[in-house]
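What follows is a single structure, written as structure tokens, with notes after it.
The values are calculated or read from the model by the stated rules, or taken from the named source; none is laboratory data. Just so it is clear, the model here is predicted, and its values are computed rather than measured. Positions of Cβ are generated from backbone atoms using ideal geometry, with glycine treated the same way; all protein chains shown enter the neighbour counts. SASA here: full protein model, heavy atoms, side chains in, ligands and nucleic acids out. Shrake-Rupley method; radii C 1.70, N 1.55, O 1.52, S 1.80 Å.
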Amino acid sequence: WQVAPLYLYSDSETLDGTTKTPNLDASIWEKINESVGRETTPEEVLNYIYAILHSPSYREKYKEFLKIDFPRVPYPKDKTSFEALVNLGWELRGLHLLESPKVEEYITTFPISGSGEVEKVTYVGRNVYINPTQYFGDVPEVAWNFYIGGYQPAQKWLKDRKGRVLTWEDIMHYQSMIIALTETARVMGEVDKVLEV
């Protein structure tokens, strides 16, 4: 388990009054700035990298290499594509942290009252049943089958709660997850339109 924070924080203040320093290789950051034609921020670099790593084409092209080594992220081609990828990376991060306003615009339902106990999880005709009568309705197949790493979060989250009763917060959280997964699939397609791998 490795951690690479975006900023390094010091105990004492620096000359400019801040206590944080970007945790970026200065020579690489300078090459990014040259490619883009302006000074970039650490957050922009993070969002750019986040978008690249969510490109289906990039993942497919480098899948064998990604299994054995750190990902190699290409330098930006130009300012326009960089800024488009920064925006898409920012959107992805907001979705994944469930901080995007979109995750509260529910596309699913939970229409049947009952115990709320997760018994057997099944997906039938866009409905995710948690027991014989209760279900989340209108769950897009793309969200149900979406993989992150080696598992499918829309399935795993419910299966991990087998035998438990879902609270109102659980029901809302699951519906936010479905939006995040659905939107992630959409944004990943947008990344591929911008990025030529």
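If the condition is being within 19 Å of Gly94 (Cβ to Cβ) and not polar (S, T, N, Q), then the range 155-178 contributes Met172, His173, Tyr174, Met177, Ile178. Taking each residue of the range 168-197 that is touching a residue at least 12 places away in the same chain (Cβ under 8 Å) and farther than 15 Å from Asn145 by Cβ and looking for partners that are surrounded by 21 or more Cβ atoms within 10 Å (Cβ to Cβ) and among the hydroxyl-bearing types (Ser, Thr, Tyr) with beta-carbon atoms closer than 6 Å, six or more apart or interchain, yields Gln175/Thr108; Val191/Ser55; Asp192/Ser55; Leu195/Ser55; Val197/Tyr58. Please verify whether the range 1-15 includes one or more residues that are part of a helix (DSSP H, G or I) and open to solvent by 70 Å² or more (accessible area, probe 1.4 Å). The answer is no; no qualifying residue exists.
Any residue that is outside any helix (DSSP H, G or I) and not aliphatic (A, V, I, L, M) - is there at least one of those in the range 83-92?
no
List every residue pair whose Cβ atoms sit under 6 Å apart, with the two residues 6 or more apart in sequence or on different chains, where the first one lies in the range 74-91 and is free of Cβ contacts under 8 Å to residues at least 60 places away in the same chain and the second, anywhere, is assigned to a loop (DSSP other than H, G, I, E, B) and small (Gly, Ala, Ser). Final answer for the pair search is Lys79/Gly37.
Residues of the range 30-45 being open to solvent by less than 20 Å² (accessible area, probe 1.4 Å) and not polar (S, T, N, Q), which ones? Answer for the range 30-45, where residues must be open to solvent by less than 20 Å² (accessible area, probe 1.4 Å) and not polar (S, T, N, Q): Ile32, Val36, Pro42, Val45.
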